[in-house]
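**Student:** Dumping the structure here so I can ask a few things about it.
Bear in mind that the values in this text are calculations on the coordinates, not laboratory data. In this text, all values refer to a predicted model and were calculated from it rather than measured experimentally. Positions of Cβ are backbone-derived with ideal geometry, glycine not excepted, and every protein chain shown enters the neighbour counts.
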Amino acid sequence: MKILKIAIAGALLASAVARADQIVTLKTRADTTQTYLLLADADSKPQAVAVMFPGGQGQVRLPADISQLKLGPRGNFLVRTREQFRDRELAVAIVDSPSDRQSGMEDPFAIGREHA
């Protein structure tokens, strides 16, 4: 039983090390930042990135620190299924609403030049 526990702990540690997931925050406009979650395997060289914009108001509420990330099994389809898209050649980016729109984005803003 002790060997099984060690094997499971090793597998979990190896999978955690193999991930290069990060939360990225960029300054986009005066006093405004744009945050996204980037999912990629540490030992891969993705050829493309699937950029996912959650529907509705576009809110994901990403924390500043990846260790605080809690994305549950409910909510937006793209957020829930993010791991289904990820592989060695495809990284995934989930874009949150901008810092000046944390209460959500209306359609005119989301498709407008200011958000582009």
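**Student:** Please indicate, with yes or no, whether at least one residue in region 50-57 is in a strand (DSSP E or B), out of contact with any Lys or Arg (no Cβ under 9 Å at 6 or more places or on another chain) and not hydroxyl-bearing (Ser, Thr, Tyr).
**Tutor:** Going through region 50-57, the residues in a strand (DSSP E or B) turn out to be 50-52.
From what's left, out of contact with any Lys or Arg (no Cβ under 9 Å at 6 or more places or on another chain): 51.
Of the ones still in play, those that are also not hydroxyl-bearing (Ser, Thr, Tyr) are 51.
Yes, the conditions are met somewhere in region 50-57.
**Student:** Working only within region 78-112, note down all residues that are in a loop (DSSP other than H, G, I, E, B), surrounded by 14 or more Cβ atoms within 10 Å (Cβ to Cβ) and basic (Lys, Arg).
**Tutor:** 86
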